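The values are calculated or read from the model by the stated rules, or taken from the named source; none is laboratory data. This structure is a prediction, so every number in the text was calculated from the model and none was measured. In this analysis, Cβ positions are derived from the backbone assuming ideal geometry, glycine residues included, and neighbour counts consider all displayed protein chains. Note: areas computed on protein heavy atoms with side chains; ligands, DNA, RNA excluded. Shrake-Rupley method; radii C 1.70, N 1.55, O 1.52, S 1.80 Å.
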Amino acid sequence: MMNPQQLFVRRLRRYATEQYQVWRSALDWTVWLYLLVPAIVIGGGTYRDIWLSPPSWLLELSWWWYPLVLLLPLILGRLRTFQEEADILFLAQQQHWLRRIVGLGMIYTIIVQSITVLLMHLLILPYLVQGLGLSWETLLICAGWTVALRLLCTLAVNLADARWTGWRRYTVHILLLLALIPLYVYGMQQWMSQPVWAGLLGIAAVAVVLVWLCRRKLASRSSLFADIASERAARLASTELLLSQASPPKRIGRLKQPLVLRRSQRLFRRSDAGTMLAELYIKSMLRQFGYVRLNLGFFSFSITAVVLTPLWLGLALLVVLPVMAGSWQRAQWKQWFDEEFVRHFRWTDEQAAQALETSKFWLLLPGVLVLGLVAGFSLIGWWGGPLAMAGAGLVWRMTSKLPF
C-alpha cells in the first residue's frame, strides 16, 4: 500500500527522469564536454584571478549591486506542489494526502531555493568579500534574508494565483512586488551595517509570516487547479526553452473581449450599405491595440513636429500630416477590404468608396482635433487652441475626400 511520502518520491523521481531525458535529447556527452571543459578551465581561472588580484572596478562597485543581482531569482521563484491532473479525480477526496504532498513540495522548494541562493552567493563572493568587505556572519544573514524573502514572494504569488484570475491577478502580482522588493533591498542595506542579532530578528519575523502562509496554503482547497497548471508549466519549462531555439513559436489564437466597442452597437444613424461597411471597418480597427498604438505614435510625433517648428511651417504641417495619415489609412483599408470576410459580399464601387471616405474621416478626426488644439496653444496662444482645432477639423473634412 503506497503512502503520500512514497507517492511524492515517485513523482519527484519521474520529474528528474523527464528533465534528464529532455536535456539528453538535445545535448549529448560531446556537447556537454565542449561546454563544461572550457567553462571550468576559463571560468575557474578567472574566478581564481579575481580572488588573488581583484580588478579596480570590482572594488568600486556600490552596495546596491548586491541585492540587484539577486532580484531576478527573488521574483521568479515557483512553489512546487507536484500536483497532477489525475488528482482531481482520485485524490480530491483525500485531503490529507494532498496536504502531505503539498507540504513535501514546500520542503523541496525550500531546499532548491536555498541551494540556488547559496550558489549565486558563491559566484559573486569575490565582490562581496573583496569589494564590500562583508564578514562571513553578515554574508550568512544576507543569504538567509534572501531565502526568506524569496520563499515569501513564492508563497504569496501562489496564493494569489489560486484566488484571482485575469487582470486582478496581474494587479496583485504588481502590488506584491512593489511591497516586497523595497522590503528586501532595505533589509539587505540594514543587515550589512547592523549587528548579527538584528538580522536574525528580521529573518525570524519573516519566518513567522512564512509559517502563517504555509498554514494557509495547506488549508486551501481551491488552489488545486492553479497548482496543476503551475506544475504543468514547470515540467514543460525545459522543453519550451529548447524548442524556442529550434523554431519560432506559433501564437495560439484566443478570444478576448476588446477594450472598446465591446457590444455591437450602432455608430451612425444611417443604414445604407456604405455606412454599414464603414461601421464594420471602424469597429475592426478600434478593437486592435496595434492600430490604436500606431495612431497614437503618429500623432504624438506630429504634435512634437508642429510644436518645434515656426508658425508658418506649423500651420502647413497641420494640413500635410493628416493627409499623410489619410494616405496610410487608405492602404490599410484596401488590405482589410481584400483580406477580411467582407470581400465575400457584393459591394459596389460606390459603396466601397463611401465607406472608405467615412471611416477615414472619423478614425483620424480625434487625432486631428488634438493636433490642432495643441498646435494652437503652442503657436498662437491660449485663445488660438480652440480656433486652430476648429480650423484643423474643417480642413480635414475637405482633405479627407482626396483620392490619395
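Do any GluC sites (Glu not before Pro) in the stretch 42-111 lie in a DSSP loop with no more than 10 other beta carbon atoms within 10 Å, and if so, which? The qualifying sites are Glu60. Here the extension length gained between Met398 and Arg266 equals 45.0 nm, from 0.36 nm per residue of separation less the Cα-Cα distance.
Taking a straight Cα-Cα cut-off under 20 Å and skipping sequence neighbours fewer than 8 places away in the same chain, the aspartates and glutamates within cross-link reach of Lys401 are Asp272, Glu279, Asp349, Glu350, Glu357. Computed from the C-beta positions of Trp336 and Leu241, the FRET efficiency with R₀ = 51 Å rounds to 0.85. Solvent-accessible surface of the chain, averaged per residue with a 1.4 angstrom probe and all protein chains in place: 63 square angstrom.
Of all the options Thr348, Thr171, Thr17, the one that moves most in a Gaussian network model of the chain with Cα springs shorter than 10 angstrom is Thr348.
Cβ-Cβ distance of Phe289 and Trp64, R₀ of 30 Å, FRET efficiency by 1/(1 + (r/R0)^6): the value works out to about 0.25. Placing pseudo-labels 7 Å out from each Cα toward the beta carbon at Leu308 and Trp383 gives an inter-label distance of 3.1 nm. For the stretch 343-376 and the stretch 67-137, what is the centre-to-centre distance using only Cα atoms, to the nearest Å? If you average the Cα positions of each part, the centres end up 56 Å apart.
Here r is the Cβ-Cβ distance between Leu119 and Thr171 and R0 is 30 Å; the resulting FRET efficiency, rounded to 0.05, is 0.35.
Evaluated on the chain, the Kirkwood hydrodynamic radius is 27.5 Å, with distances taken between all distinct Cα atoms. Helix 196-219 axis versus longest C-alpha principal axis of the chain: approximately 70°, rounded to the nearest ten.
Atom-type composition of the exposed protein surface of the chain places 67 percent of the accessible area on carbon and sulfur (1.4 angstrom probe).
Judged by the ratio a/c of the largest to the smallest principal axis of the C-alpha gyration tensor, the stretch 1-105 counts as oblate, that ratio being 1.5 or greater while a/b is no larger than b/c.
Ellipticity at 222 nm from helices only: DSSP H runs of n ≥ 4 in the chain, each -39500 (n - 2.57), divided by the residue count, give -25000 deg cm²/dmol. Annotation for Tyr15 and His96: the two label points, set 7 Å from Cα along the Cα-Cβ direction, are 2.4 nm apart.
Specify the angular offset, from 0 to 90 degrees and rounded to the nearest 10, of the alpha carbon long axis of helix 166-191 from the longest principal axis of the alpha carbons in the chain. Rounded to the nearest ten degrees, it is 50. Projected label points at Ala207 and Phe345, each 7 Å from Cα along the beta carbon direction, are separated by 7.0 nanometres. Here the stretch 145-201 and the stretch 269-324 have alpha carbon centers that stand 45 Å from each other. For a paramagnetic label modelled on Ile111 (point 7 Å from Cα along Cα→Cβ), amide N atoms under 15 Å away belong, within the stretch 73-105, to 80-82, 101-105. Among the chymotrypsin sites (Phe, Trp or Tyr not before Pro) in the stretch 120-213, those located in a DSSP loop and surrounded by at most 16 other Cβ atoms within 10 Å of their own Cβ are Trp164.
Using C-alpha pairs below 8 Å separated by at least 6 residues, the relative contact order for the chain is 14 percent.
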